[in-house]
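Just so you know, all these numbers are worked out from the coordinates, no wet-lab data involved. Since the structure is predicted, the reported quantities are computational estimates derived from the model, not experimental observations. All Cβ positions, even for glycine, are placed from backbone atoms using ideal geometry, and neighbour counts span all protein chains on display.
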């Protein structure tokens, strides 16, 4: 064989061998395994903080611009807001314990924040039947222990949860 032919044959063999197993696009070697997210999102109360006291007027949105519940979301994946759920447990001396699904009372502000919307005040509307409200605003002399439990999944399907416990205190009648 001529030297030129051997050189060409060597170049062809080396090229084929390199492309087959070095990861250079030839399809050889072990394929990369995509990273799988198994980390749950972190949900935290922005407001109220656990243990905080909230006035009945603020809780019932009687105070202009009052906002009671706001939750932060943190994760490497975006939240799947369609999986959000929230319940509230209210305990008062006269009303006993009431548990309500309040999922529909929340809105997504952005990719990191969820807050209650203006319908939150319905929880203490005197117009609603007793079983549909937590208490009747202005007819209330009780302090209520509240607990809100929330959960949401990230885009990978991991669930994050948090609970916020706070107190709703009766609003004092205006002084005359």
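Which of the three applies to segment 42-169, rounded, prolate or oblate, going by the alpha-carbon gyration tensor with a ≥ b ≥ c and a/c under 1.5 meaning rounded?
Because a/c hits 1.5 or more and a/b exceeds b/c, segment 42-169 counts as prolate.
What full-extension length gain, to one decimal in nm, is calculated for residue 82 and residue 112 as 0.36 nm per residue of separation minus the Cα-Cα distance?
9.3 nm
Pulled fully out, how much extra length does the chain show between residue 130 and residue 155, if you take 0.36 nm times their separation in residues and subtract their Cα-Cα distance?
Length gained, residue 130 through residue 155: 5.2 nm.
Counting other beta carbons within 10 Å of each Cβ, put 81, 120, 106 in order, fewest first.
81, 120, 106
Can you pull the semi-axes for segment 31-110, root of five times each eigenvalue of the Cα gyration tensor, sorted largest first, whole Å?
In descending order, the three semi-axes are 33, 15, 12 Å.
Going by how many other beta carbons lie within 10 Å of each one, how would you line up 42, 36, 91, 68, fewest first?
On the way: 42 12, 36 6, 91 16, 68 24.
Neighbour counts put them in this order, fewest first: 36, 42, 91, 68.
Order by neighbour count: 82, 107, fewest other Cβ atoms within 10 Å first, most last.
The order, fewest Cβ neighbours first, is 82, 107.
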